[in-house]
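Report on the structure given below.
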Amino acid sequence: MKKVKRLVAEFRPEHYSLYLAPDREAMTFAGTIKIRGRRHGKPSQRLTFHQKGLKFTSAKVTKFDKKRGELQIEIDRINRHETYDEVRLHSTEMVYAGEYEIELEFSGKITDQMHGIYPCYFTHNGQDKKLIATQFESHYAREVFPCIDEPEAKATFDLSLLTPAGKNETVLANTPVKKQIKKSGGLLTEFETTPKMSTYLVAFVFGELAYTEAKTNSGVVVRSYATPDNAKFTEFATETGVRCLEFYNEYFDIPYPLPKLDMIALPDFSSGAMENWGLVTYREQALLVDPANTSIEMKQYVAMVIAHELAHQWFGNLVTMRWWTDLWLNEGFASWIEYLACDELFPQWDMWAQYIVDDQFLGLRSDSLANTHPIEVPINHPDEIRTIFDDISYQKGSAVIHMLQAYLGGEAFRDGLRYYLKTHAYGNTETNDLWAALAKISGKPVREFMHTWVGEPGYPVLSVKHHNDELVLHQQRFFALHGAGHNSDTVWQIPLNCPMIGLDALTDKSTSIEWSSDTPLLNQGHSGFYLTTYDKETYARFGALVEAGSLNEAERLGLLFDSFSAARSGYLPTAQALNLLSFYHSEHSSPVWDTISMVLADIRRVFGSDELIEAMKPYLARVTAEQVERLGWEQAKKETHFDSLLRPTVLGLASLGNNQEVVKEALSRFEKMTKPEDERPDIRGVIYATAVRKGGDKEFKKLKKFYEDSNSASEKVTLASALTGFKQPELYKEALSLIKSPVVRAQDIGYWVGYSFANRHAKHATWQWLKENWKWLENSLGAELGFARMPAYAARSFSDDEFKKDFVKFFEPQLTPSIRREYKKALETIEWQAAWRKRDFDSVQDFFKER
């Protein structure tokens with residue numbers, strides 16, 4: 001794609017004075033703006049700013065000259081260039097370098113697409129209501145006001161809003177209210193000047209809201225807002241927000257720079273949350289904790305999202321990437337430190353074991369594709385930006401930070417971050433600026449160590465073989481489709497994380513170490529971002545150590561994940577990995593069970609013939625029997641956090657395995673339910689899924705009523721998974737028909753489509769539905785991540801060459817920058833899944849039949 005021009009090279013704003021008058025009923029807005037800044041570069045007869053979809057009625061340009069004072073520059077025409085998202089102010093005279101103020105009058109539209117200015121719909125006291133909110137990341141500020149809409153173009157902002165003057169109306173923005181007056185039948189609110197920041201962090205919300213409030217030990221006011229009926233569910237968020245700010249104040253050694261922090265749960269929101277400075281916006285399920293509807297897992301999720309977004313107040317807002325190529329500096333770091341913060345705030349949650357499964361493993365799976373991208377990925381056009389809000393920028397980014405922290409040590413890493421943030425406060429950076437700061441403080445060659453991990457795609461698989469009293473280590477790039485002709489000469493510096501062998505890192509393609517004892521387990525603690533494989537005898541010995549309880553949690557996790565990753569890609573026979581799994585029969589760790597569940601789900605999805613799925617049932621019932629007996633359905637008085645997380649996992653697998661007692665209990669509980677709140681939120685998913693597998697029309701109608709009556713965003717996600725899971729064609733087709741109805745919010749469309757594809761009975765009908773409704777999806781979600789992920793939702797459910805032909809035939813004519821990258825990854829997913837199925841189907845089926 002053609003590279004767009006960076007406008008900050010021509011004009012660097014210093015201050016914006018922005019007035020906006022949104023009309024909530026007409027779904028329009030009008031505004032004026034004064035942009036003060038410096039023009040650079042060669043003289044020309046125009047000034048250029050970003051805009052998208054705005055209409056301009058006037059323009060005034062003033063130059064500030066030290067000798068001659070204020071000079072008016074005559075503008076003879078205003079041209080909008082929608083192809084480049086630009087407005088060009090053409091002058092009758094040359095515009096030279098210097099300081100200018102540009103004043104523009106403009107108007108625009110409020111749309112439902114959940115970016116720019118958009119409405120959030122809710123009901124209160126039986127009346128339909130609307131909040132008006134904003135979402136400007138990545139490049140949507142230009143939809144609301146003309147600006148230099150690039151991260152590097154930092155400036156301060158004075159914002160004024162004219163909004164309705166109802167007595168219950170709340171008006172929020174990044175900074176505290178400076179003053180409010182009644183004007184023109186509305187309420188004019190002027191806000192304090194913001195810190196110097198990027199346009200994508202500007203935000204405001206207004207409408208009927210309520211809140212809970214607390215203060216940090218340094219006096220920062222923290223408020224969590226929601227619609228009036230949901231405000232009572234914000235107390236956990238407020239408490240967690242206070243504790244996170246206090247933790248980061250100490251960890252970064254830089255005080256939070258604003259006097260207030262507002263967090264708000266929006267009924268309609270396309271992402272999970274957004275770190276706008278001083279006004280953080282969230283999906284309702286990512287901020288609200290309702291004891292009757294929020295599971296333990298979701299409560300933990302809320303804490304992690306808050307920790308993630310508040311970390312951005314420093315790492316992203318205070319110091320910002322210069323361009324979107326370094327998005328990972330924001331997102332990878334925040335995705336790592338959310339675990340550090342939650343581990344400090346909630347030590348009973350044992351966050352680092354969960355980190356390996358939830359972040360590192362996800363990054364490893366995504367980065368195994370040949371069509372992955374480096375962490376640092378060139379972005380040439382704004383339409384490409386959303387495509388890198390993915391598992392590489394977030395999960396792989398966090399995983400290499402995790403590896404680096406282990407390499408440097410916690411104290412040196414923290415002190416290096418402090419130096420980095422203080423050095424570049426209110427400025428912009430690139431990846432090498434972080435490496436330089438960490439190297440200066442730690443004294444270690446950080447850039448050399450990290451170069452290939454962030455600059456090259458993929459990661460290594462380390463082969464460990466014991467031969468003739470030598471330990472032979474060999475690295476090569478790991479590919480999901482092994483043996484397909486992919487090549488890579490990349491050599492990584494691999495931290496071996498095994499003190500007993502006396503070698504810190506493998507820096508060459510191969511090496512040999514004198515070794516006469518048993519093969520050691522490498523990557524202990526699994527902090528390294530790579531896979532390790534061993535020979536058959538070594539796996540058997542490690543399996544015996546698992547069975548004897550001699551390996552710790554991280555070692556058991558890593559061993560199982562690495563072996564199955566290698567098996568599904570052709571580096572090991574799948575039967576060998578399954579044999580290793582047999583040693584985990586007494587496993588009690590929730591993160592390890594999450595890994596077991598993940599690999600068994602992969603087998604069901606990819607190999608999923610009716611015969612194989614039937615053969616797996618007795619295995620699932622037997623492998624879960626010990627934990628089902630130990631945990632049961634009810635919580636113990638002093639139950640650990642991990643046991644509470646583990647219960648729905650093992651009950652769900654046992655139900656899939658047709659454990660008669662579990663199935664009977666789940667159906668009995670569903671029969672007695674008159675509303676979701678009749679059962680604990682932690683086990684509802686198991687109850688629903690069992691009723692769906694064993695039920696029909698009556699169960700569908702009951703679940704649909706639950707969905708329509710529920711006001712809980714997180715409960716609606718659980719119910720969406722159930723409603724899309726029926727095997728009867730008339731029911732899964734009815735579920736598909738609901739997607740375009742008012743029953744399903746636009747923000748939840750991705751859930752419904754993804755869950756429908758995951759239903760093996762419905763996947764072909766879902767594919768047909770997607771093809772028939774593609775234009776509707778594009779119009780509804782085109783700029784959002786949910787739309788870009790549609791090819792992946794489809795690909796995960798198919799592992800045959802016939803579907804691949806239809807997939808290519810449909811998508812090739814549809815490719816745009818927003819889905820091209822995801823399409824290529826999805827196509828490769830179909831290919832590696834088909835290869836795995838063809839290679840190992842017979843041996844996998846034999847394994848389960850024998851057991």
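Summary table below
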quantity	calculated
Share of Cα-Cα pairs in region 140-273 lying beyond 18 Å, as whole percent	63
Proximal aspartates and glutamates relative to Lys444, as straight alpha-carbon distance under 20 Å, when same-chain residues fewer than 8 apart are discounted	Glu411, Asp415, Glu430, Asp433, Asp504, Asp508
For the chain, calculated [θ]222 nm from helices alone, where every DSSP H run of n ≥ 4 adds -39500 (n - 2.57)	-13000 deg cm²/dmol
Only Lys, Arg (+1) and Asp, Glu (-1) charged, at Cβ; region 251-346 dipole about Cα centre in debye	160
Solvent-accessible heavy-atom area per residue, rounded to whole Å², over region 418-504 at 1.4 Å	47
The chain: angle of helix 410-423 to the longest principal axis, Cα-based, in degrees nearest 10	20
Separation of alpha-carbon centers, region 485-514 and region 83-145, rounded to whole Å	51
Value of Rg to Rh for region 1-123 (Rh from inverse mean 1/r over Cα pairs, i.e. Kirkwood)	1.02
Size of electric dipole in the chain: Cβ of Lys, Arg +1 and of Asp, Glu -1, about Cα centre, debye, nearest 20	2280
Region 689-824, accessible surface, carbon-and-sulfur percent (1.4 angstrom probe)	50
Tail beyond 17 Å, pair distance distribution of region 431-546 (Cα, percent)	61
Percent antiparallel among DSSP beta bridges (both partners in the chain, rounded to 5)	80
Projected label distance in nm at Lys232 and Asn711, using a 7 Å step from Cα toward the beta-carbon	0.9
Nearest 10 degrees, 0 to 90: helix 553-569 Cα axis against the chain principal axis	90
Candidate lysines - alpha carbon under 19 Å from Lys182, same-chain residues fewer than 8 apart omitted	Lys167
Environment charge of Thr32, counting only residues whose C-beta is closer than 11 Å and scoring Lys/Arg +1, Asp/Glu -1	0
Computed lengthening from Arg46 to His641, 0.36 nm per intervening residue step minus Cα-Cα distance	208.0 nm
Of Lys617/Lys675; Lys5/Lys824; Lys3/Lys52, those spanning more than 20 Å from alpha-carbon to alpha-carbon	Lys617/Lys675; Lys5/Lys824
Stokes-Einstein translational diffusion, region 670-718 - Kirkwood Rh over all Cα pairs, 1.567 mPa s, 4 °C, in µm²/s	119
Protein accessible area in region 205-309, 1.4 Å probe - carbon and sulfur %	49
Surface share of carbon and sulfur [accessible, 1.4 angstrom probe, percent] for region 425-476	45
Value of relative contact order over region 259-382, rounded to a whole percent, pairs C-alpha under 8 Å and six or more apart	18
Percentage relative contact order, region 453-515, counting C-alpha pairs under 8 Å, at least six apart	33
Inter-label distance for Glu250 and Met598, nm, one decimal - labels placed 7 Å from Cα along Cα-to-Cβ	3.2
Equivalent-ellipsoid semi-axes of region 707-844, from the Cα gyration tensor, Å, largest first	26, 19, 13
Mean separation of Cα contacts under 8 Å (6+ apart) over length of the chain, as relative contact order %	8
Extension reserve of the Tyr419-Arg80 stretch, reckoned as 0.36 nm per residue once the Cα distance is removed	117.7 nm
Listed residue (Ser563, Thr595, Asn759) projecting farthest to the positive dipole end of the chain, Cβ model	Asn759
Stokes-Einstein D for the chain, Kirkwood Rh over Cα pairs, 4 °C, 1.567 mPa s (µm²/s)	45
Rounded tilt (10° steps) of 235-252 against the dominant C-alpha axis of the chain	80
Alpha-carbon Rg with Dmax, taken over region 647-690, Å	9.6, 27
Top positive-direction residue, dipole computed over region 437-528 with Cβ charges, set Cys498, Leu438, Phe478	Leu438
Among 439-449, 345-355, the order from most to least packed when residues are scored by Cβ within 10 Å on average	345-355, 439-449
Solvent-accessible heavy-atom area per residue, rounded to whole Å², over region 717-850 at 1.4 Å	41
Calculated on alpha-carbon atoms, Rg and Dmax of region 340-396 in Å	14.6, 45
Gain upon complete extension [Ala540, Lys805; 0.36 nm per residue less C-alpha separation]	91.3 nm
Amide N of region 375-401 lying under 20 Å from the label point, which is placed 7 angstrom from the Cα of Thr816 along Cα→Cβ	379-390
Shape parameters for region 775-851, alpha-carbon atoms, Rg then Dmax in Å	15.6, 51
Rounded to 5, percent antiparallel among DSSP beta bridges of region 175-315	60
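The values are calculated or read from the model by the stated rules, or taken from the named source; none is laboratory data. The structure presented is a predicted model; accordingly, all values stated were derived computationally and were not measured. Every residue, glycine among them, receives a Cβ derived from its backbone with ideal geometry; neighbour counts consider all protein chains shown. The area values use the complete protein model at the heavy-atom level, side chains included, leaving out ligands, DNA and RNA. Shrake-Rupley method; radii C 1.70, N 1.55, O 1.52, S 1.80 Å.
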